[in-house]
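The values are calculated or read from the model by the stated rules, or taken from the named source; none is laboratory data. Everything numeric here is computed off the predicted structure, so don't read it as measured data. We place every Cβ from the backbone using ideal geometry, glycine too, and count neighbours over all the protein chains shown.
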Amino acid sequence: MLAVLAVSDKRNIDQLAAGLLRLGWRVAATEGTCRLLRDVGHHVEGIADLAGVPTLLGGRVKTLTVSVMGGILARETESDLREMAEHGIPRIDLVCNNYYLLPEPQPGLEPAGFREKVDVGGPAMLRGAAKNFEHVIPLSDPDDYDEVLKLLEQGGGHPSAVPVEHRLALAGKAFRISSAYDASVAELFGAGGGRP
(Lines give C-alpha, C1' and ligand atoms only; values in the text may rest on other atoms or scores of the structure.)
Protein backbone atom coordinates (compact mmCIF):
# COMPACT_ATOMS: atom_id res chain seq x y z
CA MET A 1 0.00 0.00 0.00
CA LEU A 2 1.33 3.38 -1.02
CA ALA A 3 0.38 6.92 -0.01
CA VAL A 4 1.52 10.17 -1.63
CA LEU A 5 1.58 13.21 0.65
CA ALA A 6 2.03 16.73 -0.75
CA VAL A 7 0.64 19.39 1.55
CA SER A 8 0.92 23.11 2.04
CA ASP A 9 -1.15 22.99 5.24
CA LYS A 10 1.01 20.74 7.45
CA ARG A 11 -1.58 20.32 10.24
CA ASN A 12 -1.93 16.66 11.31
CA ILE A 13 0.39 15.41 8.54
CA ASP A 14 2.84 13.97 11.09
CA GLN A 15 0.07 11.89 12.67
CA LEU A 16 -1.20 10.72 9.29
CA ALA A 17 2.26 9.64 8.14
CA ALA A 18 3.00 7.96 11.49
CA GLY A 19 -0.27 6.04 11.36
CA LEU A 20 0.22 4.89 7.78
CA LEU A 21 3.80 3.78 8.45
CA ARG A 22 2.68 1.92 11.58
CA LEU A 23 0.14 0.06 9.44
CA GLY A 24 2.86 -1.02 7.00
CA TRP A 25 2.24 1.51 4.23
CA ARG A 26 4.93 3.04 2.06
CA VAL A 27 4.79 6.83 2.17
CA ALA A 28 6.19 9.12 -0.51
CA ALA A 29 6.15 12.91 -0.14
CA THR A 30 7.08 16.05 -2.03
CA GLU A 31 10.08 18.09 -0.88
CA GLY A 32 8.69 20.26 1.92
CA THR A 33 6.43 17.55 3.29
CA CYS A 34 9.20 14.96 3.01
CA ARG A 35 11.68 17.19 4.83
CA LEU A 36 9.24 17.82 7.68
CA LEU A 37 8.44 14.13 8.07
CA ARG A 38 12.08 13.05 7.94
CA ASP A 39 13.01 15.74 10.48
CA VAL A 40 10.64 14.14 13.00
CA GLY A 41 12.08 10.69 12.29
CA HIS A 42 9.71 9.12 9.76
CA HIS A 43 11.12 6.94 7.01
CA VAL A 44 9.45 8.38 3.92
CA GLU A 45 10.48 8.31 0.28
CA GLY A 46 10.98 11.40 -1.81
CA ILE A 47 8.56 11.93 -4.67
CA ALA A 48 11.50 11.81 -7.11
CA ASP A 49 12.15 8.19 -6.04
CA LEU A 50 8.56 7.33 -6.83
CA ALA A 51 8.40 9.37 -10.03
CA GLY A 52 11.69 8.00 -11.35
CA VAL A 53 12.87 11.49 -12.29
CA PRO A 54 14.09 14.42 -10.19
CA THR A 55 11.99 17.50 -9.61
CA LEU A 56 12.26 19.46 -12.85
CA LEU A 57 11.93 22.95 -14.26
CA GLY A 58 12.69 24.87 -11.10
CA GLY A 59 10.29 22.80 -9.00
CA ARG A 60 7.31 23.22 -11.31
CA VAL A 61 7.23 19.52 -12.26
CA LYS A 62 7.24 17.12 -9.32
CA THR A 63 4.20 14.91 -9.57
CA LEU A 64 3.02 15.29 -13.16
CA THR A 65 4.74 12.10 -14.26
CA VAL A 66 3.51 8.82 -15.70
CA SER A 67 4.54 6.95 -12.54
CA VAL A 68 2.62 9.22 -10.18
CA MET A 69 -0.46 10.02 -12.26
CA GLY A 70 -0.63 6.49 -13.68
CA GLY A 71 -0.52 5.09 -10.14
CA ILE A 72 -3.37 7.38 -9.11
CA LEU A 73 -5.61 6.74 -12.11
CA ALA A 74 -5.06 2.97 -12.37
CA ARG A 75 -7.90 0.55 -11.81
CA GLU A 76 -8.08 -3.18 -11.12
CA THR A 77 -8.56 -4.15 -14.74
CA GLU A 78 -6.42 -6.72 -16.49
CA SER A 79 -5.16 -4.17 -19.03
CA ASP A 80 -4.31 -1.56 -16.35
CA LEU A 81 -2.45 -4.10 -14.24
CA ARG A 82 -0.54 -5.35 -17.29
CA GLU A 83 0.46 -1.83 -18.36
CA MET A 84 1.49 -0.90 -14.82
CA ALA A 85 3.72 -3.97 -14.59
CA GLU A 86 5.18 -3.34 -18.04
CA HIS A 87 6.05 0.29 -17.27
CA GLY A 88 6.95 -0.02 -13.60
CA ILE A 89 4.03 2.11 -12.40
CA PRO A 90 3.30 1.64 -8.68
CA ARG A 91 -0.30 1.50 -7.52
CA ILE A 92 -1.13 4.52 -5.32
CA ASP A 93 -3.81 3.88 -2.71
CA LEU A 94 -4.06 7.27 -0.98
CA VAL A 95 -3.39 10.85 -2.04
CA CYS A 96 -3.20 13.57 0.60
CA ASN A 97 -2.94 17.03 -0.88
CA ASN A 98 -3.83 20.63 -0.23
CA TYR A 99 -2.75 23.59 -2.29
CA TYR A 100 -0.32 26.46 -1.99
CA LEU A 101 -1.70 29.55 -0.30
CA LEU A 102 -2.60 32.33 -2.71
CA PRO A 103 -2.28 36.08 -2.11
CA GLU A 104 -5.40 38.20 -1.75
CA PRO A 105 -6.61 39.63 -5.09
CA GLN A 106 -6.12 43.36 -5.46
CA PRO A 107 -6.43 45.75 -8.40
CA GLY A 108 -3.31 45.90 -10.53
CA LEU A 109 -1.76 42.76 -9.04
CA GLU A 110 0.93 41.61 -11.46
CA PRO A 111 1.09 37.89 -12.42
CA ALA A 112 4.72 37.81 -11.24
CA GLY A 113 3.36 38.31 -7.72
CA PHE A 114 1.31 35.12 -7.67
CA ARG A 115 1.94 32.96 -10.73
CA GLU A 116 4.51 30.69 -9.05
CA LYS A 117 2.04 30.02 -6.24
CA VAL A 118 -0.54 28.59 -8.65
CA ASP A 119 -0.53 24.84 -7.99
CA VAL A 120 -0.86 22.58 -11.02
CA GLY A 121 0.39 19.15 -9.92
CA GLY A 122 -1.46 19.14 -6.59
CA PRO A 123 -4.90 19.71 -8.09
CA ALA A 124 -4.16 17.16 -10.81
CA MET A 125 -3.25 14.53 -8.21
CA LEU A 126 -6.19 15.30 -5.95
CA ARG A 127 -8.69 15.45 -8.80
CA GLY A 128 -7.31 12.17 -10.16
CA ALA A 129 -7.67 10.51 -6.76
CA ALA A 130 -11.19 11.91 -6.35
CA LYS A 131 -12.19 10.72 -9.81
CA ASN A 132 -10.81 7.27 -9.00
CA PHE A 133 -12.20 7.21 -5.43
CA GLU A 134 -13.18 3.54 -5.63
CA HIS A 135 -9.47 2.70 -5.90
CA VAL A 136 -7.76 5.68 -4.21
CA ILE A 137 -8.51 7.47 -0.95
CA PRO A 138 -8.57 11.25 -1.67
CA LEU A 139 -7.66 13.41 1.34
CA SER A 140 -7.78 17.19 1.10
CA ASP A 141 -8.69 18.33 4.62
CA PRO A 142 -6.44 17.78 7.67
CA ASP A 143 -9.58 17.38 9.79
CA ASP A 144 -10.37 14.14 7.90
CA TYR A 145 -7.06 12.35 8.52
CA ASP A 146 -7.96 10.95 11.94
CA GLU A 147 -11.20 9.30 10.80
CA VAL A 148 -9.49 7.70 7.80
CA LEU A 149 -6.69 6.39 10.03
CA LYS A 150 -9.23 4.92 12.47
CA LEU A 151 -10.99 3.11 9.63
CA LEU A 152 -7.70 1.79 8.29
CA GLU A 153 -6.64 0.61 11.75
CA GLN A 154 -9.95 -1.21 12.21
CA GLY A 155 -9.44 -2.92 8.85
CA GLY A 156 -5.87 -4.07 9.44
CA GLY A 157 -4.44 -1.25 7.37
CA HIS A 158 -5.98 -2.34 4.07
CA PRO A 159 -7.33 0.51 1.89
CA SER A 160 -10.65 -1.32 1.46
CA ALA A 161 -11.31 -0.62 5.15
CA VAL A 162 -12.38 2.88 4.09
CA PRO A 163 -15.91 2.30 2.72
CA VAL A 164 -16.78 3.48 -0.78
CA GLU A 165 -19.44 5.82 0.67
CA HIS A 166 -16.80 7.52 2.82
CA ARG A 167 -14.44 7.78 -0.15
CA LEU A 168 -17.24 9.31 -2.22
CA ALA A 169 -17.79 11.98 0.44
CA LEU A 170 -14.02 12.69 0.50
CA ALA A 171 -14.05 12.91 -3.31
CA GLY A 172 -16.91 15.42 -3.23
CA LYS A 173 -14.99 17.54 -0.72
CA ALA A 174 -11.84 17.34 -2.86
CA PHE A 175 -13.72 18.60 -5.94
CA ARG A 176 -15.35 21.40 -3.93
CA ILE A 177 -11.94 22.51 -2.64
CA SER A 178 -10.49 22.25 -6.14
CA SER A 179 -13.35 24.29 -7.58
CA ALA A 180 -12.94 27.03 -4.95
CA TYR A 181 -9.19 27.07 -5.59
CA ASP A 182 -9.69 27.44 -9.34
CA ALA A 183 -12.15 30.28 -8.71
CA SER A 184 -9.53 32.02 -6.53
CA VAL A 185 -6.89 31.62 -9.24
CA ALA A 186 -9.29 33.01 -11.85
CA GLU A 187 -10.00 35.99 -9.59
CA LEU A 188 -6.27 36.65 -9.21
CA PHE A 189 -5.71 36.59 -12.96
CA GLY A 190 -8.77 38.80 -13.47
CA ALA A 191 -7.47 41.32 -10.92
CA GLY A 192 -4.30 41.60 -12.95
CA GLY A 193 -5.85 42.73 -16.17
CA GLY A 194 -9.60 42.64 -16.47
CA ARG A 195 -11.51 40.38 -18.82
CA PRO A 196 -10.65 39.31 -22.38
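Limited to region 113-140, what total is found for residues that are assigned to a helix (DSSP H, G or I), within 15 Å of residue 181 (Cα to Cα) and not aliphatic (A, V, I, L, M)?
So in region 113-140, the residues assigned to a helix (DSSP H, G or I) come out as 113, 115-117, 121-131.
Those still in the list that are within 15 Å of residue 181 (Cα to Cα) too: 115-117, 121-127.
This time we only want the ones that are not aliphatic (A, V, I, L, M), so: 115-117, 121-123, 127.
Count: 7.
Would you be able to say whether some residue in region 61-73 is in a loop (DSSP other than H, G, I, E, B), modelled with pLDDT of 90 or more and either in contact with a helix residue (DSSP H, G or I) (Cβ under 9 Å, 6 or more places away or on another chain) or at negative phi (or both)? Break it down stepwise before answering.
Residues of region 61-73 that are in a loop (DSSP other than H, G, I, E, B), as a first pass: 62-65.
Subsequent filtering for residues that are modelled with pLDDT of 90 or more retains none.
No, region 61-73 contains no residue that is in a loop (DSSP other than H, G, I, E, B), modelled with pLDDT of 90 or more and either in contact with a helix residue (DSSP H, G or I) (Cβ under 9 Å, 6 or more places away or on another chain) or at negative phi (or both).
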Within region 149-186, of all residues that are free of Cβ contacts under 8 Å to residues at least 40 places away in the same chain and among the β-branched types (Val, Ile, Thr), the one nearest to residue 14 (Cα to Cα) is 162
All positions within region 94-142 that are among the polar types (S, T, N, Q) and either at pLDDT 95 or above or closer than 20 Å to residue 17 by Cβ (or both) | 97, 98, 132, 140
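State yes or no: is residue 26 more than 15 Å from residue 139 (Cα to Cα) and surrounded by 17 or more Cβ atoms within 10 Å (Cβ to Cβ)? Before the answer, list the steps.
On the way: more than 15 Å from residue 139 (Cα to Cα): yes; surrounded by 17 or more Cβ atoms within 10 Å (Cβ to Cβ): yes.
Yes; evaluated as a whole, the condition is true for this residue.
How about region 71-82: which of its residues are farther than 12 Å from residue 136 by Cβ and not polar (S, T, N, Q)?
Within region 71-82, the subset farther than 12 Å from residue 136 by Cβ is 77-82.
Within region 71-82, 78, 80, 81, 82 meet the criteria.
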Please identify the pairs in which a residue from region 103-122 that is over 30 Å from residue 69 (Cα atoms) and surrounded by 13 or more Cβ atoms within 10 Å (Cβ to Cβ) has its Cβ atom under 6 Å from the Cβ atom of a residue that is hydrophobic (A, V, I, L, M, F, W, C) and at pLDDT 65 or above, counting only partners at least 6 apart or on another chain.
-> 105/188
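Among the residues of region 141-163, what is the count of those that are outside any helix (DSSP H, G or I) and in contact with a Gly (Cβ under 7 Å, 6 or more places away or on another chain)? If you could, list the steps in order and put the result at the bottom.
Within region 141-163, the first condition is being outside any helix (DSSP H, G or I), and the residues that meet it are 141, 155-158, 162-163.
Still in the running and in contact with a Gly (Cβ under 7 Å, 6 or more places away or on another chain): 157.
So the answer is 1.
Please work out if residue 9 is under 13 Å from residue 96 (Cα atoms) and outside any helix (DSSP H, G or I).
When the stated conditions are applied, residue 9 passes them.
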Region 68-101 - residue that is closer than 20 Å to residue 167 by Cβ and among the charged types (D, E, K, R) and, of those, surrounded by the most Cβ atoms within 10 Å (Cβ to Cβ) | 93
